[in-house]
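Engineer: Structure provided below as structure tokens; questions to follow.
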């Protein structure tokens, strides 16, 4: 059946997405965040995580959609990203966390050329989990800190 990897699945609206479990540090229930002025719309704010300031990214907005509504199941997935070779923790606001699933390499299709609701460069593939197709995010593109920092800089220049 080939190599398998584990993915954390989560919901954004009616869609199911996945993130490689190896980059996930922890999952916490959404609590209030402190809004930071002059940040791009996808930066919901920052939160205090055991004394560390962690930026919280609204994944819906980052993927070009409207701002997420906070609900009972809203969570923040804390994951590791890198910025200039350093490990940085970021929070990813999602509607609900589902489960960790194993997906065999043979069950992952390449990102489609068209017809997805997410920019193709943000998708590493589509995984088959039972009868469900799960969009597997490519965090190195979708959640690239340097690219997001450039967007923040562009926003400051226009404000």
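Engineer: What are the residues in the stretch 91-124 that are surrounded by 16 or more Cβ atoms within 10 Å (Cβ to Cβ), out of contact with any helix residue (DSSP H, G or I) (no Cβ under 6 Å at 6 or more places or on another chain) and at pLDDT below 90, if any?
Structural biologist: Within the stretch 91-124, 118, 123, 124 qualify.
Engineer: May I ask you to list the residues in the stretch 1-25 that are over 21 Å from residue 63 (Cα atoms) and either within 12 Å of the chain's Cα centre (by Cα) or modelled with pLDDT under 95 (or both)?
Structural biologist: Residues satisfying the conditions are 1, 2, 3, 4, 5, 22, 25.
Engineer: A follow-up question, please. In this structure, is residue 78 under 10 Å from the mean Cα position of the chain (by Cα), surrounded by 16 or more Cβ atoms within 10 Å (Cβ to Cβ) and closer than 19 Å to residue 40 by Cα?
Structural biologist: no
Engineer: Also: Any residue in the stretch 29-47 that's on the phi > 0 side of the Ramachandran plot and modelled with pLDDT of 85 or more: show its pairings with residues that are surrounded by fewer than 18 Cβ atoms within 10 Å (Cβ to Cβ) and not in a strand (DSSP E or B) at Cβ separation under 7 Å, as long as the two are six or more apart or on different chains.
Structural biologist: Filtered contacts from the stretch 29-47: 45/35; 45/36.
Engineer: Looking at the stretch 30-57, which of the residues that are surrounded by fewer than 12 Cβ atoms within 10 Å (Cβ to Cβ) and in contact with a strand residue (DSSP E or B) (Cβ under 6 Å, 6 or more places away or on another chain) is farthest from residue 70 (Cα to Cα)?
Structural biologist: Within the stretch 30-57, the match that is farthest from residue 70 (Cα to Cα) is 53.
Engineer: In contact with a helix residue (DSSP H, G or I) (Cβ under 9 Å, 6 or more places away or on another chain) and modelled with pLDDT of 90 or more: is that true of residue 57 in this structure?
Structural biologist: Yes; evaluated as a whole, the condition is true for this residue.
Engineer: Checking residue 132 against (1) at pLDDT 70 or above; (2) surrounded by 13 or more Cβ atoms within 10 Å (Cβ to Cβ), which single condition isn't satisfied?
Structural biologist: (2)
The values are calculated or read from the model by the stated rules, or taken from the named source; none is laboratory data. Treat the numbers as computed from the prediction; the structure is a model and nothing was measured. Ideal geometry is used to build each Cβ from the backbone, glycine not excepted, and the neighbour counts take in all protein chains shown.
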